[in-house]
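The values are calculated or read from the model by the stated rules, or taken from the named source; none is laboratory data. Small disclaimer: the values here were computed from a predicted structure and weren't measured. So basically every Cβ, Gly included, is an ideal-geometry build from the backbone, and we count neighbours across all protein chains shown. Just the protein is used for accessible areas: all its heavy atoms, side chains included, with ligands, DNA and RNA removed. Shrake-Rupley method; radii C 1.70, N 1.55, O 1.52, S 1.80 Å.
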Amino acid sequence: MGLGMLASRVIRPTASKLSRSSSLHFIRPIVSTPETSSAQSQPQPDPTPDPPPPSPRPPVAGARVHFPNPEDAIEVFVDGYSVKVPKGMTVLQACEIAGVDIPRFCYHSRLSIAGNCRMCLVEVEKTPKPVASCAMPALPGMKIKTDTPLAKKAREGVMEFLLMNHPLDCPICDQGGECDLQDQSMAFGSDRGRFTEVKRAVVDKNLGPLVKTVMTRCIQCTRCVRFATEVAGVQDLGMLGRGSGEEIGTYVEKLMTSELSGNVIDICPVGALTSKPYAFKARNWELKGTESIDVTDAVGSNIRIDSRGPEVLRILPRLNEDINEEWISDKTRFCYDGLKRQRLNDPMIRGADGRFKTVSWRDALAVVAEVALQVKPEEIVGIAGQLSDAESMMALKDFLNRMGSNNVWCEGNGQNPDADLRSGYIMNSGIAGLEKADVFLLVGTQPRVEAAMVNARIRKTVRANQAKVGYIGPATDLNYDHQHLGAGPKTLIELAEGRHPFCSALANAKNPAIIVGAGLFEREDKDAIFSVVETIAKNAKVVRPDWNGFNVLLLKAAQAAALDLGLVPESANSIESAKFVYLMGADDVNMEKVPSDAFVVYQGHHGDQSVYRANIILPAAAFSEKEGIYENTEGCSQQTLPAVPTVGDARDDWKIIRALSEVAGVRLPYDSLGAIRARIRTVAPNLLNMDEREPATFSASLKPDCSHKMSLTDFRPAIDNFYMTDSITRASKIMAQCSATLLKK
């Protein structure tokens, strides 16, 4: 409608009523201010009371705030809501506590503040323009407005700039459906763009076999750069160029060599960094997520297994502040393709020609029971594998005990493990408790390859508290500053006698922590080594009523539960005289020690190393296909849940042993998972306290003095290849690619 037409309509008096109503639009009332008006003309105040303040809203994602000092609490107002926050918090964190979710791209709670995406702009009273809430500290009495037209307009403008060079790749982008840019563009962006020029393009980078790059999608939030530098401890990624030519890359053509590199996939808010093995496999809404536990090491990282039908398609981390925070290692994340390769589907018996032939479960169990009943009880040996759950190890121990044998142990614990005191084989300070330490002494352990999440926690402590780290073992790169004190027990003796320069650091520390590697369990002089380490701990006051810094870092997921359940062999050399060997997923056993005439039963889920010596194969379920309890290196029990169905004719480990016991005439008294856990309660009740860390009751000071002599042989690395440590990772094609490309010198 033109202006002339509008004016003629207003001026033309078509009806008296229209004339009166239209003339009201042009009346400009004169309002007097309170200062100039008289007291008589002022209206009387309304006697009704002020409305009550709005009720508080729940914090975003259940966030909890901790006040180290209640006197440091300050009050701020978010959209009219009063909220108390500790001094030093940012405006964005205050808004989250007040229940307001502020959009952001560059901000991440575990990384340093960059403040370069400007998506988190909010309006603060008495400031001339919107402020970046992630970088602005909250001040007492600050009035923050997150929903004003100015804040909305600012976010809309920022989003328009971010989308200016972003390609319209959503239909072919693996991030589609779980993309922060998609979600925030819908929530805070405009319905159209005004950019008509040519979009820029960026060359993709080769970061290795795990991370796929489409750098044209990058919005320069620098999360990946900060993660690599601060958490992973590698200087592999950086920002090059400036202005519209700015891009993320490696300064020289090199691969990302960190054992935590896959986490950049999770923290990238767009589709610039995605999983290379998962590329174009599925959309996230097609997947079924199952909360479970990682078993590739002894940390017990919390994971979510995403599956579609019978196949595991990806593994993602779950938040657990006490164990893995929100990171997982590359081995945990990418070993899943090993779950479908080299699997054992059916029971098999080796024939006279040396070839395996498929048989029924009935026939296989009958043959095993017949052989087991023919040999002497002391010639029966059982070995639990490193991926065994507590229920199956309980069943194996009960079965062998009923057969008259006490020779049962878990691989990795050595031939003569000491299971008397829990403090001698768990991480007494806890994984999260390592952050309180100010001096570390690493003895015969390389946490970067043995437990990547523990290493990340130590690095975090070194960065935050400038903690000192002393390391005894073969030369290695721990990705944080450390002093290499020596390579073997000779250095330990110097420390115990107070002759080493590092003794002063231990003596002056408030909370010293000693971490002993479980690789020492395989040494014959392990008792003497632990005795010397306990002497060092006593001299440095490592164990006190308020602090226990004596830690053992285990290697395998089954080790802690096996020692709690008492899987200790009666004879140290029992395997050399065995006639019946029952291997429950044990693949790292030295089979050369097994006599050539021994009957070997292999019960497991992969055709790995021990299969070549087996006489009978019994197929079992992998960790992603069963419910089972695992205890991590700090003594916290957690359980896996079945994400996919079992492969072929495989069964749960404990069910196989329960069926075998009945065929052998020594029937075990449990038929369900609940019944076997009731049996575990009588042996190790701490294993049933899910997601709770059970501390050790007694300290190592109760142990008798060791009379063994210590060998001066240097410590050896416990793990030679980080990417291939068990039957699942050795079957993984992705892990084989990592091993070939990332470990070559």
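A few remarks follow.
- Applying 1/(1 + (r/R0)^6) with R0 = 25 Å to the Cβ-Cβ distance of A279 and S109 gives a FRET efficiency near 0.30.
- Qualifying GluC sites (Glu not before Pro) in region 271-362, DSSP loop, other Cβ atoms within 10 Å at most 10: E321
- Those trypsin sites (Lys or Arg not before Pro) in region 113-159 that DSSP places in a loop and that have at most 12 other beta carbons within 10 Å: K126
- Remark: the E230-K436 segment gains 72.3 nm on full extension, using 0.36 nm per residue and subtracting the alpha carbon distance.
- When peptides 479-488, 234-243 are sorted by average Cβ neighbour count within 10 Å, with the highest value leading, the order is 479-488, 234-243.
- Sparsely packed chymotrypsin sites (Phe, Trp or Tyr not before Pro) within region 177-277, loop by DSSP, other Cβ within 10 Å at most 13: F195, Y251
- When you restrict to C-alpha pairs under 8 Å that are six or more residues apart and normalise by the size of region 180-338, the relative contact order lands at 18 percent.
- Cross-link reach list, lysines versus K397, counting only Cα pairs under 23 Å and skipping chain neighbours closer than eight places: K376, K556, K579, K593, K626, K655
- Between Q466 and D691, the C-beta separation translates, for a Förster distance of 41 Å, into a calculated FRET efficiency of about 0.80.
- Computed over the chain: relative contact order in percent, which uses C-alpha pairs under 8 Å that are six or more apart: 13 percent
- Computed about the Cα centre, the dipole magnitude for the chain is approximately 2540 debye when only Lys and Arg (+1) and Asp and Glu (-1) carry charge, each at its Cβ.
- Shown are T697, T216, T713, T461, whose ranking by accessible area with a 1.4 Å probe and every protein chain present, most to least, is T697, T713, T216, T461.
- Heavy-atom accessible surface of the chain: percent carbon and sulfur, 1.4 Å: 53 percent
- For region 422-557, the relative contact order is 35 percent, taking Cα pairs closer than 8 Å that sit 6 or more residues apart in sequence and dividing their mean separation by the residue count.
- Most simply put, the chain has about 55% antiparallel DSSP beta bridges, counting only bridges with both residues inside it.
- Two-site FRET efficiency, S360 against N573, from Cβ-Cβ distance with R₀ of 41 Å, rounded to 0.05: 0.65
- Among beta bridges identified by DSSP and lying wholly in region 422-557, the antiparallel ones come to about 15 percent.
- Candidate values (i) 13, 26, 29, 20, 10, 2, 0; (ii) 11, 33, 26, 16, 10, 4, 0, 0; (iii) 14, 40, 29, 11, 4, 1 were compared with P(r) over Cα pairs in 20 Å bins from 0, in percent computed on the shown model; the agreeing label is (iii).
- When the Cα gyration tensor is reduced to axis lengths a ≥ b ≥ c, the ratio a/c is 1.5 or higher for region 60-147, and with a/b not above b/c it is classed as oblate.
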